[in-house]
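The values are calculated or read from the model by the stated rules, or taken from the named source; none is laboratory data. In this text, all values refer to a predicted model and were calculated from it rather than measured experimentally. Ideal geometry is used to build each Cβ from the backbone, glycine not excepted, and the neighbour counts take in all protein chains shown.
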Amino acid sequence: MNQAYQRSGLPESNPTRASGLLADLHLDLPLLTGLILLCGFGLVVLYSASGQDMGQIQRQLIRLALAFLVMFLVAQIPPVQLRRLAPWLYGLGILLLLAVMIVGQVGKGAQRWLDLGLFRFQPSELTKLAVPMMIAWFLAEKSLPPTWKRLATAGIMILVPVLLIAKQPDLGTSLLVASAGIFVLFLAGLSWRFIVGMVLVAIPSGWVLWEWGMREYQRNRVLTFLDPERDPLGTGYHIIQSKIAIGSGGIYGKGWLNGTQSHLEFLPERTTDFIFAVLSEEFGFVGILLLLALYLFIIFRGLYIASHAQDTFSRLLAGALTLVFFVYLFVNTGMVSGILPVVGVPLPLISYGGTSLVTIMAGFGILMSIHTHRKLLPT
Amino acid sequence: MALLTKIRLKDHLRETRLFRDRVVVAVILVLLLVSGLILRLINLQIVNHDHFTTLSQDNRVKVQPLPPTRGLIYDRNGTILAQNLPTYSLEVTPERVEDMEKTLAGIGRIVEISDSDRRRFERLRKQKRRFDSIPIRIRLDPDEVARLAVSRHRFPGVEIQAKLLRDYPLGPVTAHVIGYVGRINQEELKTIDTSAYSGTSHIGKNGVEKTYEEMLHGKVGLQQVEVNALGRVIRVLQSQPPEPGRDLYLSLDAGLQAAAMEAFGDYTGGAVAIDPRNGQVLALVSQPGYDPNLFVEGISPKEYRALQQSEEKPLFNRALRGQYPPGSTVKPFIGLGGLETGVTDITRKTFCPGFFRLPGRKHKYRDWKKAGHGLVNLSDAITQSCDVYYYDLANRMGVDRLHAFLSRFGFGRRTGIDVAGERPGLLPSREWKRRARKQPWYPGETLIMGIGQGYFLSTPLQLAHATAVLAAGGIDHPPRVVQATLGSGDPAPVPLPPPQPVVLEKSLPGNWDDVVDAMVQVIEGRRGTARRIRDERYRIAGKTGTAQVFTVKQDEEYDADKISRKNRDHALFIAFAPVEDPRIAVAVIVENGEHGGSTAAPIAKRIMDYYLMGDR
């Protein structure tokens, strides 16, 4: 049905569509600019956080190049193709998660990786994209808002990978995957009554989760979050030190390369999950505002793209991916500044490390594809 | 088809509107959450900025003390008496050692660790904190350092430490003057300003090292260092260098000191030489000495016991703390007292039959010369050391006048010398006896006091000081060892202000000359008790003395052969020279030396020869 609509003989030319080289390459200039500026800022912070280690900068540059390449390649895939791929990707993601679980039971502890010989692959990263794509595909099949039955089906589609990932256990990623799916539901017009109902259900189920669903270290994280001083040398140490780093930065910061908390190794995970604290210490409140401005610019551009998308699938997917990006940002900064529990979520595009970087940039590739493959529609 | 398209389009428009509504909600949500985050950051970075800045400073900045180097000590000729030598020690930090026994055994295969090293280690381990490093071996030789350096990596928590250790190059020769430094102990910790001593492990325990502790120690410096999360020092932020301790310049002559000790031979005793013109102490000898270097890093209990239990008592500072009856060496002072108080005059003669009896009493107070000295005047009584003359003189002066006059020469009280540990001796008086013994003063005790026996006790230092006052014609320069100090900023040693001299009252200056003349006769007279030390090159005034260790009963005679060496009399001698312009005053006590003239006087002579004539 939708495909029929797509092929309904509407005029090919689109006067609002950006022309020129970037458009031909299916790249969105404002989004690309925002991403490059953010990654550049990230490298500057990383240079300091890594203790001026050019080796780390080089490795991160290679990852960024790879991630931008992935973004570019994904941007070439028309949304139609993406929609066609959605169920397959979702199915593959579930299979791989199951595979990881089986391999993981052979090994010990958290198992998130699949060793594919040449490189290691984290299937949960795939589901970060596959789940919103799947839900968007599923909901776009019928008119919106979805019926209760379809909602329930979509809920199960979200829950399966989320539980599989949480079982690994990887609280951060399962949270992101869940939010990706939920954002699709929300954007698809999930009724407010349902949302309020869910919140009312969430509180007792939160208690159930606490009692039976959480590992000891996860509970500790929550407890430490509620009272970091509870264990100042153990789990609370991270938050206390990062709060000191942020607070001592003040308005203008201690200056680039001058952060004492990070350079003297008081700050843990300073190139990865806690890099925001390094930035706050060295660039101060002003630096944070700049960073947030860049992020918000990217997020608003993403939401703009979503609202100008031409079909339901694209809209839902673009909106959800953008909002997940915001969740990344908020969970990480909230965690580092001590208003959210410590869950292992990196600061998107800034934290050192490759896996999530590639996933995020692939997500932006989808956004660019959606925006640059539009056709003229009667308004 | 058209209808379908229309429915789709209508649906499409509805969906678009619905979606845009949701996006607006999302944008509002995003803005709300970001505002919440910004509020949080304002709270951390602006409202509580000072608080976190303090925490961040506390995190990274630690204050470390920079201990000052201890001042050096020189003698009057610039010979170094106390210095700081770099030494290597092997130290263990218990906290970082997993298996102490295994580690110590492993080290023991590379360098020798004696039982006493082990004991000291265990003792210090109990006192110190787990993260303090404790020496297991001290004074490593270069060979041992090299061997350890090669295999040290096998022993985490074990480190070779280079540090300055106090060293006394002359060892026993100056031990009793300089004293020594040792590790600060629990009691000292209570009295010292611990912040001034942070980083300093040693403190002056004795002698000049103790008296001048404050000057020698210097001022502690501070350094603010930046540390990382592991406590490792990354860099120095600010440093206030320590002010090294001041060097001390002593009036002591190390060569003289050594010569005097040598002159004692096998005898034990004390000798003090003072320049009567200014109170400068030239030699302060207690024989035997001991090696002060043993105490610097903590003496082993075994070595300490050996020193303590030695018959010769090497740790006992006889010059300062040895309290002996001055015997006949007080005769010149009492004689002068008799003249000055008008009780006697130089020509008045007393008959000495070999004993003295108080009127109406039977008890005989014997002279050392059984046959007696016959008719003697004051000069004879000094030259020949006639006891009977002095029994009579003391009897007529009475204890009160004796006490009053002798105290002017400093008997019975500390001289105030700047070497820690001096004892006051004892100049008896009625008041003292009532207080200390709860007894009245008996007339017989006055007689005994007249020949420097009985309760009367003085230290060699007191005797030398009194002799110096006599030599200086009644000018009392309080004795002092340290004459000048040199700080790091001073171009030359800065003299210590000399203590105010006290000028003794004289009723007739001629009396002093008479006593000195008599003392010259002790050496130059035909019957002088110290005639054997007569020297053509310079003139000496002196007085011999004997102090009883063993009381001879009435009607018994002192027979040296029958008495064990330990109970033989102490021999004393006081002297100054040259008589015309005295530059040195000496007091010598030879324990169990019997006769002042034969054992003590030659030692005093050796000291004067060395100092005045440069005899080496």
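Remarks
- Test: residue in the stretch B:282-301 that is modelled with pLDDT under 95, in a loop (DSSP other than H, G, I, E, B) and of a type in the set (D, E): yes
- Any hit, the stretch B:154-164, residues being out of contact with any helix residue (DSSP H, G or I) (no Cβ under 6 Å at 6 or more places or on another chain), under 24 Å from B:T485 (Cα atoms) and not charged (D, E, K, R): yes
- Of all residues assigned to the stretch A:254-274, at least one qualifies as being in contact with a Gly (Cβ under 7 Å, 6 or more places away or on another chain), surrounded by fewer than 21 Cβ atoms within 10 Å (Cβ to Cβ) and either modelled with pLDDT under 90 or closer than 18 Å to A:C39 by Cα (or both).
- Residue within the stretch A:147-161 that is touching a residue at least 60 places away in the same chain (Cβ under 8 Å), within 18 Å of the chain's Cα centre (by Cα) and farther than 16 Å from A:Y90 by Cβ present: no
- Among the residues of the stretch B:265-278, those identified as of a type outside the set (V, I, T) and surrounded by 24 or more Cβ atoms within 10 Å (Cβ to Cβ) are B:G269, B:G270, B:A271, B:A273, B:P276.
- Set B:R20, B:R60: member being within 7 Å of another protein chain (Cβ to nearest Cβ), touching a residue at least 24 places away in the same chain (Cβ under 8 Å) and of a type outside the set (D, E): B:R60
- Close pairs from the stretch A:289-304: first away from chain B (no Cβ under 11 Å), partner aromatic (F, W, Y), Cβ under 9 Å, at least 6 apart: A:L290/A:F41; A:L290/A:F283; A:L294/A:F41; A:I298/A:F325; A:I298/A:F364
- Residue within the stretch B:224-243 that is charged (D, E, K, R) and within 18 Å of B:R606 (Cβ to Cβ) present: no
- Any hit, the stretch B:547-554, residues being buried (at least 24 other Cβ atoms within 10 Å of the Cβ), of a type in the set (A, V, I, L, M, F, W, C), over 30 Å from the mean Cα position of the chain (by Cα) and modelled with pLDDT under 90: no
- Only one of B:G473, B:G489, B:G452 that is under 35 Å from the mean Cα position of the chain (by Cα) and crowded, with 20+ Cβ neighbours inside 10 Å: B:G452
- Residues considered: A:I251, A:I244, A:I240. Of these, the only one that is on the phi < 0 side of the Ramachandran plot, of a type in the set (A, V, I, L, M), within 10 Å of chain B (Cβ to nearest Cβ) and not in a helix (DSSP H, G or I) is A:I251.
- Condition check for A:G287: more than 18 Å from A:L31 (Cα to Cα), of a type in the set (G, A, S), in a helix (DSSP H, G or I) and not assigned by TED's automatic domain parsing to the domain that holds A:L185: yes
- Failed condition for B:V97, given (1) within 14 Å of chain A (Cβ to nearest Cβ); (2) crowded, with 17+ Cβ neighbours inside 10 Å; (3) β-branched (V, I, T); (4) touching a helix residue (DSSP H, G or I) at 6+ places or on another chain (Cβ under 6 Å): (1)
- Some residue of the stretch B:152-164 being within 27 Å of B:Y290 (Cβ to Cβ) and surrounded by 17 or more Cβ atoms within 10 Å (Cβ to Cβ): no
- Matching residues in the stretch B:265-286 - criterion: being among the small types (G, A, S) and within 16 Å of B:V177 (Cα to Cα): B:G269, B:G270, B:A271, B:A273, B:G279, B:A283, B:S286
- Scanning the stretch A:368-379 for residues that are buried (at least 24 other Cβ atoms within 10 Å of the Cβ) and either within 14 Å of another protein chain (Cβ to nearest Cβ) or of a type in the set (D, E) (or both) yields a count of 1.
- Taking every residue in the stretch B:310-333 that is within 16 Å of B:G179 (Cβ to Cβ) and aliphatic (A, V, I, L, M) and pairing it with any residue that is modelled with pLDDT under 90 and surrounded by fewer than 24 Cβ atoms within 10 Å (Cβ to Cβ), at least 6 positions away or on another chain, the pairs with Cβ-Cβ distances below 7 Å are B:L315/B:L307; B:L315/B:Q308; B:L320/B:G421.
Residue-wise test of (1) at pLDDT 90 or above; (2) among the hydrophobic types (A, V, I, L, M, F, W, C).
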residue	(1), (2)
B:L307	no, yes
B:P325	yes, no
B:F333	yes, yes
B:W368	no, yes
B:D387	yes, no
B:M397	yes, yes
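Here's the yes/no breakdown for (1) modelled with pLDDT under 90; (2) in contact with a strand residue (DSSP E or B) (Cβ under 6 Å, 6 or more places away or on another chain):
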site: B:R147; (1), (2): yes, no
site: B:F155; (1), (2): yes, no
site: B:R166; (1), (2): no, yes
site: B:G179; (1), (2): no, no
site: B:S198; (1), (2): yes, yes
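- Filter result (of a type in the set (K, R) and either assigned by TED's automatic domain parsing to the domain that holds A:A362 or in a helix (DSSP H, G or I) (or both)) within the stretch A:127-185: A:K128, A:K149, A:R150
- Tally, over the stretch A:254-275, of residues that are part of a helix (DSSP H, G or I) and facing another protein chain (nearest Cβ under 10 Å): 3
- Of B:D400, B:D345, B:D380, all but one fail to be in a loop (DSSP other than H, G, I, E, B) and surrounded by fewer than 24 Cβ atoms within 10 Å (Cβ to Cβ); the exception is B:D345.
- For the criterion of being away from every other protein chain (no Cβ under 14 Å), modelled with pLDDT of 85 or more and in contact with a His (Cβ under 8 Å, 6 or more places away or on another chain), B:I203 passes.
- Yes/no for B:R147 being within 14 Å of B:S89 (Cα to Cα) and either touching a Pro at 6+ places or on another chain (Cβ under 7 Å) or free of Cβ contacts under 8 Å to residues at least 60 places away in the same chain (or both): yes
- Members of the stretch B:134-169 that are under 15 Å from the mean Cα position of the chain (by Cα) and in a loop (DSSP other than H, G, I, E, B): B:Y168
- Against the list (1) within 20 Å of the chain's Cα centre (by Cα); (2) modelled with pLDDT of 80 or more; (3) more than 24 Å from A:L187 (Cβ to Cβ), the condition A:P169 fails is (2).
- Checked against the criterion of being buried (at least 22 other Cβ atoms within 10 Å of the Cβ), part of a helix (DSSP H, G or I) and within 11 Å of another protein chain (Cβ to nearest Cβ), the stretch A:344-359 contains not a single residue that satisfies it.
- Residue check, A:L340 surrounded by fewer than 23 Cβ atoms within 10 Å (Cβ to Cβ) and more than 10 Å from every other protein chain (Cβ to nearest Cβ): no
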